[in-house]
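Inspection log for the structure reproduced underneath, given as structure tokens.
The values are calculated or read from the model by the stated rules, or taken from the named source; none is laboratory data. All figures in this text were calculated on a predicted structure; none of them were measured in a lab. All Cβ positions, even for glycine, are placed from backbone atoms using ideal geometry, and neighbour counts span all protein chains on display.
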Amino acid sequence: MNAFLIALTLTLGQHGGEQPAQGAEPQVAAPAHEGGHGAVQEQPGRAEAAAGHAIERDLQKGEHGAAAGEGSHEGGSLSDSLIHHVTDGYVLEYPGICEGHFAWNCELDLKEAFGDKLAFTVGGVRFDMTPTKHLIMMWLASIVLLVLLFASVAKRSLVPRGLYNFMEVLVQFVRDEIAKKNIGEEDADRFVPYLVSAFFFILFVNLFGLIPYAATATGNLGVTVAMAVFTFLITQYASIKAMGLGGYLKHLTGGVPWPLWPIMIPVEVLGLFTKPFALTVRLFANMVAGHIVILSLIGLIFALGSQWVALGSVPLALGIFVLELFVAFVQAFIFTMLSSIFIGQGIAAAHHGHDEHEAHGEHAASDDHGSHVAGHAPGHG
Amino acid sequence: MTSTALAFLSAGFGAGLAVLGAGLGIGKLAAAAMEGSARQPTVAGDIRTSMIIAAALIEGVTLFAIVVCVLLAIKA
């Protein structure tokens, strides 16, 4: 089915396009623009081409630099437009009334709105704290999440109903399946608040990115690094609390005789940082890759310059969109699950350090401490 | 060949190889999960959870490679 759609797309695209969009922008701009316009208006049933709307308007701005009120995009190529949609910036777009008439892409330039008020220099380094698009989206997602959570606990009764019931399913899932299974029965409750916060925050920010005109804040390396740093700090705190600072440092040496310490300690310290690094890049790349694929598929309409390409391109983009919904959930779940596994490993290492070493050989993941990694073989008992 | 052309070429090749690796890895994973679920349907739920976790980890590594390819393709 996919192969058929791709073949259909490419065949139909042969008739319309001559050069790729990067080559000759002014000449291709007019037919590409009308082609895109015609495609989006000829198939009104494809309401999900809202993403296409956003690209089409941006390309309209990019290739017709003379449109009113768009001084910030001039003559962009296809890949520039794609990069612009995925990265952070200072311009918010929304459909509304600007300059006296309704437009699909009114702009709010945050740099102009704030000017220099939030930019300052500290010790020779310039900090520019003006809000960007991703920051505003993060705030909006957080506000939606907080409103939803406070609304769900507004009416509490013995038997949960309605929104409270729904939220309770998710919170209980995080507590039982993720926290208790990986951290252990007795320690889990200390870390459940952080894990639930991380899960819901990442979930809502990811889902927010799928709304037209909004952006994914977790598609920003800064946001994912911050989440991974939180996990790292909490993991180290849990380890130090369980083992004591001396035990924690001793664990860093890895139990080798002291002449090997100069080799072992840098390796172990480096190993401490690979896990948060992997968390960062995994979440960031998953979010950005999905958006790039959707934008590329719709940008194919403009690259090939024919409106008939939309017949194959929009269903494929719709399929990837649904996959993106799934990936949003899975990435939130994976981040939370891996955080809980790292915390559990940090705490379990403390218990192993205090036991006799011969007991260590018998169980790889000891059950009597109440912590077991999800899905280990039933034969271990 | 200029360095720009080589960068674009390598970005394309890299993306293809990354997808090859991910497809093989996750394919083997899915095969094992199917077989396990078929042998013991009662633990199918646990197997499904572990499968999704492992698939996300493999995909995470793949996306490291994709990020490198995107860096090459943008800078070129």
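Points worth noting:
- Among the residues of segment A:293-329, the ones that are free of Cβ contacts under 8 Å to residues at least 12 places away in the same chain and either within 11 Å of chain B (Cβ to nearest Cβ) or touching a helix residue (DSSP H, G or I) at 6+ places or on another chain (Cβ under 6 Å) (or both) come to 1 in all.
- Hits in segment B:54-76 (condition: closer than 19 Å to A:V330 by Cβ and more than 10 Å from chain A (Cβ to nearest Cβ)): B:I58
- Only one of the listed residues (A:R126, A:R156) is exposed (fewer than 13 other Cβ atoms within 10 Å of the Cβ), farther than 25 Å from A:Y237 by Cβ, assigned by TED's automatic domain parsing to the domain that holds A:G290 and among the charged types (D, E, K, R). That residue is A:R156.
- Residue match in segment B:45-53 (condition: within 17 Å of B:V67 (Cα to Cα), within 12 Å of chain A (Cβ to nearest Cβ) and in contact with a Ser or Thr (Cβ under 7 Å, 6 or more places away or on another chain)): no
- Residues within segment A:257-269 that are part of a loop (DSSP other than H, G, I, E, B) and within 20 Å of A:G346 (Cβ to Cβ), tallied: 0
- Filtered residues of segment A:256-277 (kept if within 14 Å of chain B (Cβ to nearest Cβ) and free of Cβ contacts under 8 Å to residues at least 40 places away in the same chain): A:T274
- Flag if A:A238 is buried (at least 21 other Cβ atoms within 10 Å of the Cβ), in a helix (DSSP H, G or I) and more than 14 Å from chain B (Cβ to nearest Cβ): yes
- Residues of segment A:159-188 satisfying the condition of being charged (D, E, K, R) and either surrounded by 20 or more Cβ atoms within 10 Å (Cβ to Cβ) or part of a helix (DSSP H, G or I) (or both): A:E168, A:R175, A:D176, A:E177, A:K180, A:K181, A:D187
- Matching residues, segment A:320-336, being farther than 19 Å from A:V192 by Cα and aromatic (F, W, Y): A:F321, A:F326
- Conditions (1) farther than 28 Å from A:F191 by Cβ; (2) assigned to a helix (DSSP H, G or I); number of the one not met by A:M287: (1)
- Verdict on B:G14 being of a type in the set (G, A, S) and either out of contact with any helix residue (DSSP H, G or I) (no Cβ under 8 Å at 6 or more places or on another chain) or not in a helix (DSSP H, G or I) (or both): no
- Residue within segment A:303-310 that is small (G, A, S) and closer than 30 Å to A:S239 by Cα present: no
- Unmet requirement for B:A32, which otherwise passes all of (1) under 28 Å from A:T336 (Cα atoms); (2) at the interface with chain A (Cβ under 10 Å from one of its Cβ atoms): (2)
- From the options B:A73, B:A56, residue that is farther than 17 Å from A:F284 by Cα and either at pLDDT below 95 or assigned to a helix (DSSP H, G or I) (or both): B:A73
- Filtered by the rule that a residue be in contact with a Gly (Cβ under 6 Å, 6 or more places away or on another chain) and surrounded by fewer than 24 Cβ atoms within 10 Å (Cβ to Cβ), segment A:283-304 gives a lone residue, A:V288.
- Qualifying positions in segment A:189-228 - hydrophobic (A, V, I, L, M, F, W, C), without any contact (Cβ under 8 Å) to a residue 24 or more places away in the chain and in a helix (DSSP H, G or I): A:V192, A:A226
- Test result for B:V43, within 22 Å of A:F277 (Cα to Cα), of a type in the set (A, V, I, L, M, F, W, C) and modelled with pLDDT under 95: no
- Positions within segment A:290-334 being part of a helix (DSSP H, G or I) and small (G, A, S), in sequence order: A:G290, A:S296, A:G299, A:A303, A:A310, A:G312, A:S313, A:A317, A:G319, A:A328, A:A332
- Test: B:S37 is hydroxyl-bearing (S, T, Y), within 10 Å of chain A (Cβ to nearest Cβ) and crowded, with 17+ Cβ neighbours inside 10 Å: no
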